[in-house]
Each structure stands twice: as C-alpha cells, then as structure tokens.
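This report concerns only the one structure given below.
Read the figures in this text as sums done on the coordinates, not as results from a lab. Because the structure is a prediction, the values reported are computed rather than measured. Neighbour counts are summed over all protein chains in view; Cβ atoms, including those assigned to glycine, are modelled from backbone coordinates with ideal geometry.
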Amino acid sequence: MSALKPKSRLLSLPQAAEELGMSVNTIRAWIYQRKITFVKVGRSVRVSEETVQMIIKGGTVPALVEGR
C-alpha cells in the first residue's frame, strides 16, 4: 500500500491569511463562497501552499516599462 504524499504543505487558516496579508475572516469567506480550493481533514479546514502561491501569481500585475 503506497502512501499519498501531498504536493505542498497544508496551512491553517491563520497561516494562509498571514501569507496573503489578509484577515482570517476573508479566507473563511472565500472558502464559504468556494472562491478558493481547500482541504477538509476531519473537522479541520486547510489551504495548500500551492493554492496560496496560485492566488499570489494570479493577482500579480507586471510593471509598465516606459521608453520601450
């Protein structure tokens, strides 16, 4: 029997909120509205580091370079 290995670490809601610089209530609202992917382990809710990185990458706006 092979064990499943997570692709990335699972973060608690306070940890995910800290990484994103947001409140825990915002993360909870996104989960309730199904705006982000989450993992339920028993009664606990977790967000993967991969999901947090995708949120950051998806919201990143490149700088405009003048003179080109």
ask   = So, in nm, how far is label Thr26 from label Ser12 when the simple model puts each one 7 Å beyond its Cα toward the Cβ?
value = 2.0 nm
inquiry  = Helix-only estimate, please: 222 nm mean residue ellipticity of the chain, summing -39500 (n - 2.57) across DSSP H runs of length 4 or more and dividing by its residues, to the nearest 500.
reply    = -12000 deg cm²/dmol
task = Between Glu49 and Glu66, with labels modelled 7 Å along Cα→Cβ, what's the label distance in nm to one decimal, could you check?
result = 3.9 nm
ask   = So what's the gap between the Cα centers of the range 11-31 and the range 33-62, to the nearest angstrom?
value = 9 Å
task = Could you state the angle between the C-alpha long axis of helix 49-59 and the longest principal axis of the C-alpha atoms of the chain, as a value from 0 to 90 degrees rounded to the nearest 10?
result = 20 degrees
task = Residues in the range 23-47, backbone N under 16 Å from the label point at Lys57 (7 Å along the Cα-to-beta-carbon vector): list them, ranges by number please.
result = 37
query = Can you give the Kirkwood hydrodynamic radius of the range 10-57 from its Cα pairs, in Å with one decimal?
reply = 10.5 Å
key: Footprinting exposure proxy for Val47, Val61 (fewest neighbouring C-beta atoms within 10 Å first)   = Val61, Val47
